[in-house]
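Every number here is computed from the coordinates shown, using simple stated rules; none is lab data. This one's a predicted model, so the numbers in the text were calculated from it and none came from an experiment. Note that we place each Cβ from the backbone using ideal geometry, even for glycine, and neighbour counts take in every protein chain shown.
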C-alpha cells in the first residue's frame with residue numbers, strides 16, 4: 001500500500017498537486033485522486049480531497065486522523081455506499097459503482113437484530129446470499145461462535161450479551177460469509193480497555209487464519225493502529241487527505257498484551273502522534 005504525493009511533514013497548508021503515481025503489483029483497492037463533497041445549507045462541504053491510497057490483498061491497513069477528517073467517508077466510498085465526486089475507485093483493477101458485495105462492513109455499533117438469537121444473527125448474511133442449506137449455515141455459525149468463545153450463547157438475544165460479546169457476534173456475522181475485504185469502523189471504540197485488548201487479540205488470530213482476507217480498520221487509538229496494522233495511513237484534518245503512510249515493521253504473530261514494550265512501538269507511536277499533533281495545531285507547527 002502506498003500514498004502518492006502525501007502532505008508534507010509541515011502540515012496541510014501547502015497542498016501538493018492532485019496526481020496519482022501508478023505502482024507495480026496486484027492491488028485489491030485503489031483510490032486515485034478521490035474527492036468527495038457534500039451539499040449543505042451553507043454550501044458545498046469537501047469531506048475528502050485528492051485521496052490516493054492503494055491496498056493489496058491480505059494487508060491489514062489501519063487509518064487514523066483527527067475527528068471529522070473523513071475516515072468513515074473513506075470506508076463508505078470503498079464499499080460503495082458513497083461515490084466519489086471526482087477521481088477514480090478501483091476494485092481488483094476494475095472500476096466499480098454501487099455497493100460491493102465482496103466487502104464486509106463492521107461498524108462501531110453492533111447492529112444486531114434484537115428479535116434474532118445470536119446464531120440467527122450470524123446466519124443472516126448466509127441466508128441473504130443463499131449460501132448453503134439451513135444445516136450447513138448452522139454448522140458454519142456454530143464453528144465460528146466456538147472459535148470466539150461464544151458457543152454457549154447461540155440461543156441468547158442481544159440484550160443478554162455484554163458489549164464485548166455483541167461485538168464478537170458482529171465480527172463473526174461478517175466473517176461467516178467470507179468476504180474478500182473487511183472494513184471495520186472503530187469497532188472497539190465504546191469498549192473498556194481490557195475488552196479492547198481481548199478483541200484485538202481475537203482479530204489478530206482470526207486474521208492469521210485468513211491470510212487472503214484484506215482488512216481496513218479505522219481507529220482513534222494510535223496504539224491500536226500500530227498493534228493491528230501492517231501499515232498505518234494518517235489523514236489530515238478536513239478536507240481529509242493522506243498525510244503519510246507508515247510501515248509497521250513488527251513481526252507476526254503479535255502479542256497485543258506486550259507489544260507496547262518493543263522500542264520500535266514507541267518510535268512508531270511518536271511518529272503518528274507528531275503528525276496528529278501538527279494537524280490539531282492547524283498544520284503550522286506552532
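Considering only 56, 129, 238, the mean-square fluctuation computed in a Gaussian network model of the chain, springs between alpha carbons under 10 angstrom, is largest for 129. As a rough footprinting exposure proxy, the listed residues 217, 60, 265 were ranked by other beta carbons within 10 Å of their own, and the order from fewest upward is 265, 60, 217. Panel order for 142, 101, by other beta carbons found within 10 Å of each beta carbon, from fewest to most: 101, 142.
With respect to the chain, whose longest principal axis is taken over its alpha-carbon atoms, helix 118-128 is tilted by about 70°. Please work out the C-alpha center-to-center distance from the stretch 118-159 to the stretch 230-244 and express it in whole Å. Between the Cα centres of the stretch 118-159 and the stretch 230-244 lies a distance of 36 Å.
When the Gaussian network model of the chain links Cα atoms closer than 10 Å, the mean-square fluctuations of 236, 72, 135 top out at 135.
Look at where the Cα atoms of the stretch 90-112 and of the stretch 163-202 average out, and the two centres are 16 Å apart. With axes computed from alpha carbons, what is the tilt in degrees of helix 163-176 against the longest principal axis of the chain, rounded to the nearest 10 within 0 to 90? Relative to the chain, helix 163-176 is tipped by roughly 90 degrees.
Net length available on complete extension from residue 151 to residue 281 is 42.0 nm, with 0.36 nm assigned per residue and the Cα-Cα distance removed.
Seen against the Cα atoms of the chain and their longest principal axis, helix 134-147 is set at about 70 degrees.
When the chain is treated as a Gaussian network with alpha carbon springs shorter than 10 Å, the biggest mean-square fluctuation among 138, 200, 57 belongs to 138. For the listed peptides 31-39, 157-165, 91-99, a ranking on the average number of other beta carbons within 10 Å per residue, highest first, reads 31-39, 157-165, 91-99. Take the Cα of residue 57, step 7 Å along the line toward its Cβ, and report every residue of the stretch 171-188 whose backbone nitrogen sits under 20 Å from that point. Taking a point 7 Å out along Cα→Cβ of residue 57, the residues of the stretch 171-188 whose backbone N falls under 20 Å are 175-183.
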